[in-house]
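Since the structure comes first, as C-alpha cells, the remarks are kept for the end.
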Amino acid sequence: MTWSFKGTLLVGLAGILWFSSLFHAAHDLWSASVVFFLTTSLVTVYAVRCWKLDLWTELPFGPFVLAVAVALWLSLRHSYDLETTLLDCWGWTFAFCLFYLLFNIIEHPADLDTFFVLAGTVLIPLTYIGVRQQITGHPDSWGHWEIHATLINSLVLAGFCLNWVFIFWDKAIQHRPIESLLFCLSLLLLILSRSWWAAVCLTAGSLLYYRTLIQGWYRYHRRVIVGLAGLGIVLLIGLIMTKYRAHGGPYKESSRLYYWWVALQAWKREPWTGIGLGGYATVYPYYRSRLFQSTLYAHSFPLSWLCETGILGTLALLFFVGNANRKSADATISNSSITALEATLLSLVLFSFLGINLEYLLNQILIALIVAAWVWRRHPKSFRIKPLWVMVFSASLWLLSPFWMRQFLASQKFIHGVNSERSGNFDEAEHYYLDAISMDPLQADSYHALAMLHWHRFQMSSRIDQRQIAYRCMEEALKYHRDPIYLAELDALGRSRPTSERQK
C-alpha cells in the first residue's frame, strides 16, 4: 500500500475527527450527515484500491460486531423516537466502518503515530477556545462554570480529552516535542472541564499504565502502598458523599441515581430489544420528578445501553468485550504503546459509567478508532474477505445513503416551515411541513407542527374538518415519537370533540 494512498486515508480519518470536534461533536443532524458522507467516500476509496491491487480485507471480531449492529437496528422495533434511533444506529454503523478502515490501512506502528498526531492537533484550537471561555466567561446562576470549547457539554469535552492523555504521554516521555505539546494541551483541557470523575478515571488509567513499576514498589514498600490505596478509597468515598448531599440550584446533585432508576424502569417496558437508541430522552418525562433536574441521558452508558437496546444488545456487547479480553490474554506482545492504549480504554470505560461522552458521535468514532489501534497492535486472528465483497459493501453504503440523507433534508424543510409560521405565513409553513413528511414519513416534528397549525385554524374558524385533520396528524406524530407532551395534546384534542364524535 503506497504512502500516497495510505496518507490520503489517514488524513481523511483525521479530517473526520477535526470536523466532528469543531462542529458540536457531530451531534446534530447536519454535521452527522457530513460525517456519514465522508465515511462513505473513504470506504469507497479504500474499496477501489483493494479491487485494483487484489487486497483482502481483515475483519477482527467480525461476528461479534455484526451481532452488536443487528441488536442496534432491532431496537427500532419498539423505539420511542424513531428519528433519533435511526440517526444513532447510522452513527454506530459508520463508527464500525471507521474501525475496520483504520485497522486495514495501518501497516507499521509509525502509521498509527502519524494518525494520532494528525487527529490530535485539533486540541490546539480547542484549547484556545477553552482558555478563552475560561478568561471571558462567568459562572451560571447556580455557580457552575461550564467550559466545553466546541463540544456542547463539559462532560463531552472531558471524555474527549481522556482519549489523548496516555497516547501522547507515552510519546512525550520519549522526548517527542509535538506529542509533548499535545499531551500538555489535553491535560489542560481536562482540568478546564472540571470533571471530578474524569480525574478519578485518569488516576485508574495511570495505575494501569505504571502497574509494573507499582508492583516493584509494592515488594519493598508494601505498607506505604496499602496506606496510600486506603487513603485514596477514603477520599473517593468522601467525594461521592459530598456530591450526593450537595444541591445544584433547586435540584439535588444525586439526580444521577434517579436517572439510573428511570433507566431500569424504561428497560422493563421493552426488555428484549429496548426502547430504541436515544429513546431515554423521550421516556424520562414519564417519570419526571420536581426534586431532580431534567435530562436527556441516563448518565451511565451501561444502563443507557441496557434500556435502549435491551437484553439482546447487552448480550451482544458483552460477547464482544469478552472476546476482546480473551484475545488480550492470549496476546504475547507487550510494549508501552499497547499499555497506553489499554490505560486509555480503561479510563474511557470507567468514565462512561457516570458520563455522557459515548452519547455523542465524536466520542463513539474516537473510541472505535482507539480500539482498532489496540487490536492492530496485538495482531489477533481475524476473518478475511475478498475485494469483491468490499466493493459490494461500498456500493451498498451509497445505495443506502438516501435513507439517512432524507432525515437531513426533511429537517431543513421543517425548519423553513417553523420560520414561515413565525412570520405569519401559515400556508407556506403547511407546504414545508408536507414536503418534509413526503421526504421522510417518520418526521414526527412535522406531523406535530401540522396538528398545531390545523388546531389553530379550527380555533379561528370552528371548522370541524380542521379539528379532525389536527387529531389525525397528532396521532401520526405520537406513532413515531411517543412524547408525553404529544400524548397530552392528543388527549386535549380528543376531549374537544363532541360526545357523539368521540363515541364513533
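Miscellaneous remarks
- The 3J(HN,Hα) values that the Karplus relation (6.51, -1.76, 1.60; θ = phi - 60°) gives for the range 428-443 are, in residue order, 5, 4, 4, 4, 5, 5, 5, 5, 4, 5, 5, 6, 9, x, 8, 6 Hz. Gly and Pro appear as x.
- Residue-level accessible surface for Met405, protein heavy atoms, 1.4 Å, Å²: 70
- Sequentially through the range 459-467, phi angles give Karplus couplings (6.51, -1.76, 1.60; θ = phi - 60°) of 5, 7, 10, 6, 7, 5, 4, 5, 5 Hz, Gly and Pro residues having no value and appearing as x.
- Between helix 82-105 and the chain: long-axis angle, C-alpha atoms, 0 to 90°, nearest 10: 20
- Percent RCO, i.e. relative contact order, over the chain, from Cα pairs under 8 Å lying at least 6 residues apart: 23
- Taking Cα atoms only, the orientation of helix 336-354 departs from the longest principal axis of the chain by about 30 degrees.
- Contour minus Cα-Cα distance for Ser336 and Asn425 (0.36 nm per residue): 25.7 nm
- Protection proxy ranking of 353-364, 5-16, 420-431 - average other beta-carbon atoms within 10 Å, highest first: 353-364, 5-16, 420-431
- Note, ³J(HN,Hα) from phi for the range 311-320, Karplus 6.51, -1.76, 1.60, rounded to Hz, x at Gly and Pro: 5, 5, x, 5, 5, 4, 5, 5, 5, 5
- Charge tally in the Cβ shell below 15 Å around Asn335, where Lys, Arg are +1 and Asp, Glu are -1, Asn335 excluded: +1
- Computed in the context of the full set of protein chains, the accessible area of the chain at 1.4 Å probe radius has 66% of its extent on carbon or sulfur.
- Amide proton proximity set for Phe61, modelled H, under 5 Å, gap of 5+: Phe383
- Taking Val34, Val70 and ordering them by how much accessible surface each has at a 1.4 Å probe, largest first, produces Val70, Val34.
- The range 1-72 - Kirkwood radius from inverse mean 1/r over Cα pairs (Å): 14.1
- Whole-number accessible area per residue in Å² for the chain, which is evaluated in the context of all protein chains at 1.4 Å: 48
The values are calculated or read from the model by the stated rules, or taken from the named source; none is laboratory data. Quick caveat: nothing in here was measured; it's all calculated off a predicted structure. Note that each Cβ is placed from the backbone with ideal geometry, even for glycine, and that neighbours are counted across all protein chains shown. For the accessible areas, the whole protein counts, side chains as well, though only heavy atoms, and no ligand, DNA or RNA atoms are used. Shrake-Rupley method; radii C 1.70, N 1.55, O 1.52, S 1.80 Å.
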